[in-house]
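Throughout, read-outs are computed from the coordinates displayed, never taken from laboratory work. Keep in mind the model is a prediction, meaning the values are calculated, not measured. Here the Cβ is made from the backbone with ideal geometry for all residues, glycine too, and neighbour counts use every protein chain on show.
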Amino acid sequence: MTALDPKQGGTFVDGTLGGGGHSALIIDRIMPGGRFIGIDQDMDAIQNARKRFSDHGESVTLVHDNFANIAAILKDLGVSGVDGILVDIGLSQHQLEGSGRGFSFMRDEPLDMRMDARGDTTAEDLVNTLPEKELADIIFKYGEERFSRGIARAIVKKRQASPITTTAELADIIRYAMPAKAVAKQKIHPATRSFQAIRIAVNRELDRLERFMDDFLGLLNPGGRLCVLSFHSLEDRIVKQKMKELATGCTCPKQFPICTCGNEPKVKLLTRKAVRPADDEVAENPMARSTRLRACEKL
């Protein structure tokens with residue numbers, strides 16, 4: 001909230017409603033007189049927000065969509081500019097614990113992993129149909145899993161006997177595909193990185209984040225702010241590079257006597273480095289341990 005700085009009467013967007021915690025804080029600060037637009041691709045989040053924020057009437061608009069489509073969403077709503085945008089690119093507690101869609105290997109659930117149930121492709125589809133090399137590439141690229149080749153090989157071998165349909169089954173395949181010594185040394189569950197990779201692929205998360213980062217600047221009013229919470233290095237890299245690019249002025253070689261490129265900074269960085277949670281926050285909320293916050297303000 002310090003970085004986003006919502007003020008009474010402002011127009012703000014939460015691109016990832018989730019459980020509505022961030023949204024509630026924003027709404028408290030901009031009302032009365034403000035306008036809040038909440039977006040989420042998970043219908044469960046929309047339904048929860050409808051109940052939670054029903055007292056605010058037309059001041060709160062909820063949209064069932066992906067934040068990557070924010071430009072079209074605001075255009076449809078007749079909103080030409082906003083004073084702040086927040087996106088929290090991670091799974092909500094509900095998705096992990098109560099959605100029944102297989103986001104976590106801690107429960108035996110169907111291999112779905114779609115954040116938007118209207119999506120065409122499930123995790124079960126990918127796991128049972130992708131060629132071994134393509135599956136290994138996804139696990140390596142999106143999960144940064146060094147044992148991706150062996151994991152993909154084990155998945156393909158198992159699915160030849162019978163389709164892989166549940167999270168527990170997939171987690172077991174991954175665990176036994178990895179060297180025992182490596183599993184023993186890991187502080188996280190051996191399936192963590194592979195599950196992350198498959199979820200990212202199912203929901204095309206990085207492609208959508210890149211699209212959003214290309215569009216957000218044109219949607220902010222002068223002085224408007226963007227805050228992004230990411231949870232792993234691939235997401236953070238996209239956000240960091242785009243903000244840095246927009247904050248950079250002249251790119252001419254130093255030996256040029258005058259600027260010929262004409263580039264001027266378009267944003268001011270509010271976070272020179274990613275802000276990480278303090279130890280006491282992690283103790284209170286373990287899900288926050290890998291969070292990175294970056295923020296910028298439109299000039």
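Could you check the simple spin-label distance between Asn285 and Gln47, using points 7 Å along Cα→Cβ, in nm with one decimal?
2.5
Out of all DSSP beta bridges in the chain, what portion is antiparallel? Express it as a percent rounded to 5.
Restricted to the chain, the bridges split so that about 40 percent are antiparallel.
DSSP loop trypsin sites (Lys or Arg not before Pro) in segment 127-219 with at most 10 other Cβ atoms within 10 Å of their Cβ, which ones?
In loop regions of segment 127-219 (DSSP not H, G, I, E or B), the sparsely surrounded trypsin sites (Lys or Arg not before Pro) are Lys187.
Please compute, over every Cα-Cα pair in segment 100-205, the percentage with a separation greater than 21 angstrom.
Every Cα pair in segment 100-205 considered, those over 21 Å come to 25 percent.
Which whole-number percentage describes the relative contact order of the chain, with Cα contacts under 8 Å and a sequence gap of 6 or more?
Value for the chain: 17 percent.
For the chain, what is the mean residue ellipticity at 222 nm derived from helices alone (per DSSP H run of n ≥ 4: -39500 (n - 2.57); sum divided by total residues; nearest 500 deg cm²/dmol)?
After summing the helix terms and dividing by residue count, I get -12000 deg cm²/dmol.
Return a whole-number percent for the relative contact order of segment 144-299, with Cα pairs under 8 Å and 6 or more residues apart as the contact set.
Relative contact order comes out at 21 percent.
Could you work out the per residue convex hull volume over the alpha carbons of the chain, in cubic angstrom?
164
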